[in-house]
Amino acid sequence: MATLFTIGFTQKTAEEFFSRLKRAEVRRILDIRLNNSSQLAGFAKQKDLEYFLKEIGGIHYLHVPLLCPTAGIMDAYKKHEITWQEFEPRFTGLMAERHAEEMLSMELLDHGCLLCSEDKPDRCHRRIAAQYLSQKFGGLEVVHL
């Protein structure tokens, strides 16, 4: 069985973040943030993160916009125009429209890790993306770090 990890970088020190990835033997980060270069991201800004991942853990970095929500869906949720219960099916529908599973491979996902900013996966699109991919691929265990 293949394993797909997920992690958020907020509420974690750099040491905790990179240690979790190394302990799990993550091979690649699949960054599914809509905005991966924000100054608020600290050590997780795209260019810095790409460097740290390679140097600290020999981990490859990929930005995967295919698994990002649109700004419209995300903004509607953040502005309380839609609930989380409305966000989930909209985002799942978006991934289905994009045929995300056809653009990705089990090889890419195995020991890959979906990255987002949210600390916990409960109300984060990385959980929804991981569940979607697990259902589409089968034989894909999801582990939240």
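Residues checked against (1) over 18 Å from residue 127 (Cβ atoms); (2) of a type in the set (D, E, K, R); (3) modelled with pLDDT of 95 or more; (4) assigned to a strand (DSSP E or B):
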{"position": "30", "(1), (2), (3), (4)": "no, no, yes, yes"}
{"position": "73", "(1), (2), (3), (4)": "no, no, yes, no"}
{"position": "86", "(1), (2), (3), (4)": "no, yes, yes, no"}
{"position": "94", "(1), (2), (3), (4)": "no, no, yes, no"}
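Screening the range 38-84 for residues that are surrounded by 11 or more Cβ atoms within 10 Å (Cβ to Cβ) and of a type in the set (Ser, Thr, Tyr) and picking the one that is farthest from residue 12 (Cα to Cα) gives 70.
Pairs linking a residue in the range 104-125 that is more than 19 Å from residue 42 (Cα to Cα) to a residue that is in a helix (DSSP H, G or I), with Cβ atoms under 6 Å and 6 or more positions apart or on different chains, are 106/137; 121/127; 123/84; 125/91. Residue 78 falls short on exactly one of the conditions (1) modelled with pLDDT under 95; (2) under 24 Å from residue 22 (Cβ atoms), and that condition is (2). The residue of the range 85-117 that is surrounded by the fewest Cβ atoms within 10 Å (Cβ to Cβ), among those that are polar (S, T, N, Q) and closer than 15 Å to residue 134 by Cα, is 105. Per the listing 16, 25, the residue uniquely open to solvent by 70 Å² or more (accessible area, probe 1.4 Å), over 21 Å from residue 99 (Cα atoms) and at pLDDT 95 or above is 25. Within the range 36-51, not a single residue is of a type in the set (Gly, Ala, Ser) and modelled with pLDDT of 95 or more.
Kindly evaluate residue 100 against the criterion of being touching a helix residue (DSSP H, G or I) at 6+ places or on another chain (Cβ under 7 Å) and of a type in the set (Gly, Ala, Ser).
yes
Put simply, of 141, 118, 81, 102 the only residue that is charged (D, E, K, R) and farther than 19 Å from residue 31 by Cα is 81. Scanning the range 4-28 for residues that are within 23 Å of residue 123 (Cβ to Cβ) and in a strand (DSSP E or B) turns up 4, 5, 6, 7, 8. Would you confirm whether or not the range 41-52 contains a residue that is farther than 21 Å from residue 7 by Cβ and in a helix (DSSP H, G or I)? No.
The values are calculated or read from the model by the stated rules, or taken from the named source; none is laboratory data. In this text, all values refer to a predicted model and were calculated from it rather than measured experimentally. As a convention, Cβ positions derive from the backbone with ideal geometry for all residues, glycine included, and neighbour counts pool all protein chains shown. All accessible areas refer to the heavy atoms of the entire protein, side chains included, with ligands and DNA or RNA removed. Shrake-Rupley method; radii C 1.70, N 1.55, O 1.52, S 1.80 Å.
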